[in-house]
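Since the structure comes first, as structure tokens, the remarks are kept for the end.
The values are calculated or read from the model by the stated rules, or taken from the named source; none is laboratory data. Fair warning: this is a prediction, and the values are worked out from it, not measured in the lab. A quick note on method: Cβ atoms are made from the backbone with ideal geometry, for glycine too, and the neighbour counts reach across all protein chains shown.
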Amino acid sequence: MALHRTQATRGAKTRRQSSPVRTAPPPVETDEENRPEDRGDHILIVGVGASAGGLEAFTLLLKHVPVNIGMGLVLVQHLDPVHESALTQILAKATAMPVREAANNLPVEPNHVYIIPPNRNMTIAQGRLKLEPRRQIAGAHRSIDVFFESLAQDQRERAIGVILSGTASDGTLGLEAIKAEGGFTMAQDESAKYDSMPRSAMAAGCVDLVLPPEEIATELARLARHPDVLSGARSPAAEGAEGAEAQEEAEASDTPPPVRGRGARRAGEEDGLKKTLLILRNHSGVDFSLYKPSTAQRRITRRMVLNKITGLKAYADFLRGNTKELQALYPSVA
């Protein structure tokens, strides 16, 4: 720290004579050691929320989701609290994937669909669904927000949130939480029978993609195949001791961590992160050098995936001179 202050003092006069470059404060880091590692290979978990008109939207979505997508889908529908739900039986006809009503402490598995039971609050912790009876409250129950917020906390950048047809605004706060953690967010377009819920999320600025249910299914399949998403969906345990050691070394160094397995970086990709941050610095005047490389890379990867770009080097080339993308990237990294 003393060395940084000395360098700052020596360069003070130089900065007064040239355009200032602001130094971004280091982001709040989540303690990586506290992230659960007992789940083996992490899967991508998709939370899908709907209310009025949700049955039609759920059905369209599931009909177009590939059976072997490799994701776990958790559907949160506003249900009558005093009647049994036939949603599980109805939606089982829309897909060849197993569809079951959620149970307490049930692990989310790939290529499975889970439905919230009536009169229950549902959350997720360490990849397992948690159920508890709903309490009587004065206002409306926000079952979608409750699940999405826990999904964001538990799965972080592996979380995906989708809002389909429904009234009011449940789900907006949950999508905001997912996006803040680096996950992906989607909402149904004007095809929604009731568009209050999707429009609320869009107005809040927390929706990445606005699409009809069948195209949301296509986009989920693309995310499931994207190498940069896949590489982020594996735990250090799954990568082996060598991968874990490389990650620890990268956290303590000034170089981005190597990406192993299916997301292996092509030759020259090592410079992609540095080039991207330099372009962003020239655009915004903010120096992101205090960020951990792994944190910056994780947040940049989200923009890469949304733009259908594979590899940091390719993204740096795409970013150069692209004012619109620079304006979208800056708040993601800052």
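Points to keep in mind about this one:
- Some residue of the range 86-109 being touching a residue at least 40 places away in the same chain (Cβ under 8 Å), surrounded by 17 or more Cβ atoms within 10 Å (Cβ to Cβ), in the same structural domain as Asp195 (by TED's automatic domain parsing) and closer than 20 Å to His42 by Cα: yes
- Count of residues meeting criterion [surrounded by 12 or more Cβ atoms within 10 Å (Cβ to Cβ) and either over 24 Å from Gly174 (Cα atoms) or of a type in the set (A, V, I, L, M, F, W, C) (or both)] in the range 69-83: 7
- Matching residues in the range 258-278 - criterion: being at pLDDT 90 or above and either surrounded by fewer than 19 Cβ atoms within 10 Å (Cβ to Cβ) or among the hydroxyl-bearing types (Ser, Thr, Tyr) (or both): Lys275, Thr276, Leu278
- Residues that are among the β-branched types (Val, Ile, Thr) and out of contact with any strand residue (DSSP E or B) (no Cβ under 7 Å at 6 or more places or on another chain) do occur in the range 88-101, at least one of them.
- Output for the range 23-62, where each listed residue is modelled with pLDDT under 55 and either hydroxyl-bearing (Ser, Thr, Tyr) or assigned to a helix (DSSP H, G or I) (or both): Thr30, Glu32, Glu33, Asn34
- The residues of the range 274-294 that are under 23 Å from the mean Cα position of the chain (by Cα), of a type outside the set (A, V, I, L, M, F, W, C) and closer than 11 Å to Ala334 by Cα amount to a single one, Tyr291.
- Applying the criterion of being among the hydroxyl-bearing types (Ser, Thr, Tyr) and over 16 Å from the mean Cα position of the chain (by Cα) to the residues of the range 112-162, the residue that is surrounded by the fewest Cβ atoms within 10 Å (Cβ to Cβ) is Thr123.
- Taking the listed residues Lys324, Lys313, the one that is basic (Lys, Arg) and buried (at least 18 other Cβ atoms within 10 Å of the Cβ) is Lys313, with no other qualifying.
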